[in-house]
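Below: the structure, in structure tokens.
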Amino acid sequence: MKRNARKAFNELKKIGVSVLEGNGWGGENSHFEISGENGDFNGIDYYERPEGCKQLRDILKKNGLYFEWINAGVAAVYDD
């Protein structure tokens, strides 16, 4: 995982976002995935918060990343 992605991964994990490493659901260009189904705070919800919470978006943006939904439960993170 690239340095910017690792930094974002760790920051998201620290605030309670359910991040998934090494699943490859987003294809070879994705860095990691975010679960919209696990834990009390996911940062994203396909039906209620599809754009992600502001804190999640800010962390990804400052690290040159964005996310796209793979399905209703998982989003993949890519370089912007």
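None of the figures in this text is laboratory data; all of them are computed from the coordinates on show. Owing to the predicted nature of the structure, the values given are computational and were not obtained by experimental measurement. Here the Cβ is made from the backbone with ideal geometry for all residues, glycine too, and neighbour counts use every protein chain on show.
Taking label points 7 Å from Cα along the Cα-to-Cβ direction, GLN55 and ASP79 give a separation of 2.9 nm. Remark: relative contact order (the stretch 1-63) = 30 percent; criterion is Cα-Cα distance under 8 angstrom and separation of 6 or more residues.
The sum of -39500 (n - 2.57) across all DSSP H runs of n ≥ 4, divided by the residue count of the chain, sets its helix-only mean residue ellipticity at 222 nm to -8000 deg cm²/dmol. Put a dot 7 Å past the Cα of TRP69, heading toward its Cβ, do the same for TYR47, and the two dots end up 1.1 nm apart. For the Cα trace of the chain, dividing Rg by the Kirkwood Rh returns an Rg/Rh value of 0.91.
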